[in-house]
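Taking it in order: structure first as structure tokens, then the write-up.
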Amino acid sequence: MLGEYRIAGRRAAEIAGSVERGVGSGALAPGQLLPPMRELAAELGVNPNTVAAAYRTLRERGVIETAGRRGSRVRSRPASTSRDSLGVEAPPGARQIADGNPDPALLPRLYDAFAVAAGEQDGRPVLYGEAPVDPELARLARAGLEADGVPDGPIAAASGSLDAIERVLAAHLRPGDAVAVEDPGWGRVFDLLAALGMRPVPVAVDDDGPRPEDVRRALAQAARALIVTCRAQNPTGAVITAARAGELRRLIAARPELLVIEDDHGFAIVDEPLHPLAGASRHWMLVRSVAKAYGPDLRLALMTGDPLTIDRVGGRQRLGPGWVSRLTQRAMVELWSTGAVDPAAVARAYGERRDALIDALARRGVAAQGRSGMNVWVPVPDETGAVARMLQAGWAAAPGARFRLSAPPGVRLTVSTLSAADIEPLADAVAAATAPPPVRSYG
């Protein structure tokens, strides 16, 4: 069943570790069927309950999955394997349009902001026991959230959107719980759920956000949480409209115990209004990352939510990193206060590039999505072939497999560093890469 690899160990932790080593080394391949618990217990000379405990640990870590009488298998994508590994290495001379990074030219200079923050701490360093969130940063964040119609709630800081999402999921859910997620959606969220041992339930997305009929189906499948992107959805650029938000809020209201997580990573790079779902259920969280507008290396996201959720997150954070650097927080206060970024100008720059590419593709008969943000999603019939042909033409695009669970294939194109001169050649390459093969006639 396992070829030459032999699972070893006498205790549950040792058996689980042996399986993980096999997966990590490649000796146990994705989809590999594991021995039935009683069979492995007899081979190892241990109690079947010991093997059951080991398999349970492996499921919780996202290494294996169990399908009733069909047995336990290594996950098709174990939690230790990031979807980023599906990326395309851009060879010398090829343009990288797969990384999802912002345009460095649109990011603010950080030197002055950190100099101000460091100068403030020279006379009064931040010590243990101080508030985890800078009061002025909390005030600025709350003012912005209130202006966007987000309900009142305490403010907490995390090291990016994914850190915030992980903390909230861990505060409310347990391994095995079902979580409704956008499909296509952010691959890191899929990886996170696998690592937490949670089960993703795919929800289809159109230009207006998650489709209500799919959300209804996910709730019927006992999803305990729903993760959505407010705007600049990755990879499709979808924006939750007012009408769609109303439909979703009505569905959520019928399940008041549902945990709702909103990711507003498009903050300060889009000009689309926010239509939050926050407050439609008892437990909710909305997180705003500053990565796309101010710089990924700041590793700062601000979140708000119901008091219980934020209190749980803060309590667990105190037992780990403690807090997000107050030096970074004070630098962010300086960046916000001095208007270091003009959100309207940034949104306009990305919008012009995105719209130009979508229009150029349309003229070539290629449909594409990209209402907001810095990415364009192109459905394709043959994902692998399209990516390979684009690479041959000098463009490294992101394969849609990084962003899909059950959604149809596609490729993601990041427009952030495109110039006006790039649009037509890129559109030509995409059209050629996605065109059906010519029909040959015989005789």
(request) Please report Rg over Rh for the chain, where both radii come from the alpha carbon positions and Rh follows the Kirkwood definition. (result) 1.00
(request) Rounded to whole Hz and in sequence order, give me ³J(HN,Hα) for the range 165-170 from the Karplus expression 6.51 cos²θ - 1.76 cosθ + 1.60, θ = phi - 60°, writing x for Gly and Pro. (result) 4, 4, 5, 6, 4, 5
(message) What are the ³J(HN,Hα) couplings of the range 284-298, residue after residue, when phi is run through the Karplus curve with 6.51, -1.76, 1.60 and θ = phi - 60°? Round to Hz, x for glycine and proline.
(response) 8, 8, 10, 10, 10, 8, 9, 4, 6, 8, 10, x, x, 6, 5
(request) Do me a favour and compute the ellipsoid semi-axes for the range 12-74 from its Cα gyration tensor, root of five times each eigenvalue, largest one first, whole Å. (result) 17, 13, 11
(message) If I model a spin label as a point 7 Å beyond the Cα along the Cα-Cβ vector, how far apart are those points for ALA254 and SER337 in nm?
(response) 4.9 nm
(request) Per DSSP H run of n ≥ 4, the term is -39500 (n - 2.57); total these for the chain, divide by its residue number, and report the mean residue ellipticity at 222 nm rounded to 500 deg cm²/dmol. (result) -12500 deg cm²/dmol
(message) Just the number: Rg to Rh for the range 111-337, Cα atoms, Kirkwood Rh, two decimals.
(response) 0.97
(message) Taking the Cα centre as origin and putting +1 on Lys and Arg beta-carbons and -1 on Asp and Glu beta-carbons, what dipole magnitude results for the range 213-257, to the nearest 20 debye?
(response) 80 debye
(request) Enumerate the amide H contacts of GLY160 below 5 Å, restricted to partners 5 or more residues apart or on another chain; note that Pro and chain-start residues carry no placed amide H. (result) LEU300, ALA301
(message) Below 8 Å, C-alpha to C-alpha, sequence gap of six or more: please give me the relative contact order for the range 111-337 in percent.
(response) 27 percent
(message) Using the Karplus curve 6.51 cos²θ - 1.76 cosθ + 1.60 with θ = phi - 60°, what ³J(HN,Hα) values do you get for each residue of the range 338-343, in whole Hz, with x for Gly and Pro?
(response) 8, x, 5, 10, 9, x
(request) Evaluate the relative contact order of the range 12-74 (contact order divided by residue number), counting alpha-carbon pairs under 8 angstrom at least 6 apart; express in whole percent. (result) 41 percent
(request) Would you mind listing how long the range 287-410 runs along its three principal axes, going by Cα atoms, in whole Å with the largest first? (result) 51, 35, 28
(message) I need the fraction of alpha carbon pairs in the range 299-358 separated by more than 19 Å, rounded to a whole percent.
(response) 56 percent
(message) Given the C-alpha atoms of the range 226-365, compute the convex hull and give its volume per residue in Å³.
(response) 135 Å³
(message) Sort 396-409, 122-135 by the packing proxy (mean of other Cβ within 10 Å over each peptide's residues), most packed first.
(response) 396-409, 122-135
(request) Considering Cα pairs under 8 angstrom that are at least six residues apart, work out the relative contact order of the chain and quote it in whole percent. (result) 18 percent
(message) Placing unit charges on C-beta atoms (Lys and Arg positive, Asp and Glu negative, everything else neutral), compute the dipole magnitude of the chain about its Cα centre in debye, rounded to 20.
(response) 1640 debye
(message) Considering all projection directions equally, how large on average is the shadow of the alpha-carbon convex hull of the range 241-283, in square nanometres?
(response) 3.0 nm²
(request) Please report, in debye to the nearest 20, how large the charge dipole of the range 111-337 is about its Cα centre when each Lys and Arg carries +1 at its beta carbon and each Asp and Glu carries -1 there. (result) 760 debye
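Read-outs: derived from the displayed coordinates by stated rules, not from any lab. Just so it is clear, the model here is predicted, and its values are computed rather than measured. FYI the Cβ positions are ideal-geometry reconstructions off the backbone, even for glycines, and counts take in every protein chain you see.
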